[in-house]
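Note sheet for the following structure.
Read-outs throughout are calculated quantities, based only on the coordinates presented, and are distinct from any laboratory measurement. The structure presented is a predicted model; accordingly, all values stated were derived computationally and were not measured. As a convention, Cβ positions derive from the backbone with ideal geometry for all residues, glycine included, and neighbour counts pool all protein chains shown.
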Amino acid sequence: MPKKAETATVASLHGFSPYTEKKGEEYMNEIQREHFKKILLSWKRELMEEVDRTVSHMKDEAANFPDPADRATQEEEFSLELRTRDRERKLIKKIDSTMERIESDDYGFCDQCGVEIGIRRLEARPTANLCVDCKTLDEIREKQLTGG
């Protein structure tokens with residue numbers, strides 16, 4: 001992927017520019033941890049705003065349609081919306097857990113092997129707790145167990 005497109009994707013994700021590492025800079029220093037805190041807090045705020053919008057939408061749009069097909073359509077729409085919010089609720093918990101890791105200086109290092117996860121991977125997935133190699137092995141194991 002070209003550098004410009006990559007920058008645009010990351011920057012538009014949560015309104016932040018990619019972190020520019022300086023030569024000889026220590027990995028996961030205070031500046032980097034602050035960068036990721038801001039990204040995570042912004043992401044959490046976006047998710048919480050979406051929850052508020054959903055509640056308002058469901059209150060405003062709730063209607064008792066006389067036609068069973070219309071009622072079913074609305075119920076299905078609400079069901080999908082609630083399922084999405086449930087996934088986002090779990091993501092908010094993961095963001096909170098990641099914030100705790102930043103505070104305890106555990107952030108940015110693989111849970112399985114202890115190596116640096118890397119700035120670019122963390123910008124792509126700020127809640128990542130495995131390096132690319134360990135994550136790949138996890139996915140291979142999962143495929144073997146599920147047969148998929």
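A few points about this structure:
- Across the cross-link table entries Lys38/Lys143; Lys38/Lys135; Lys59/Lys135; Lys22/Lys94, which are compared at the Cα atoms, the separations over 32 Å belong to Lys38/Lys143; Lys59/Lys135.
- Distance between the modelled labels on Thr54 and Ile31, one decimal in nanometres: 3.8 nm (7 Å Cα→Cβ projection).
- The chain - Kirkwood radius from inverse mean 1/r over Cα pairs (Å): 18.2 Å
- In this structure, the amide hydrogen of Phe109, modeled 1.01 Å from its nitrogen in the peptide plane, lies closer than 5 angstrom to those of Ile117, counting only residues at least 5 positions away or on a different chain.
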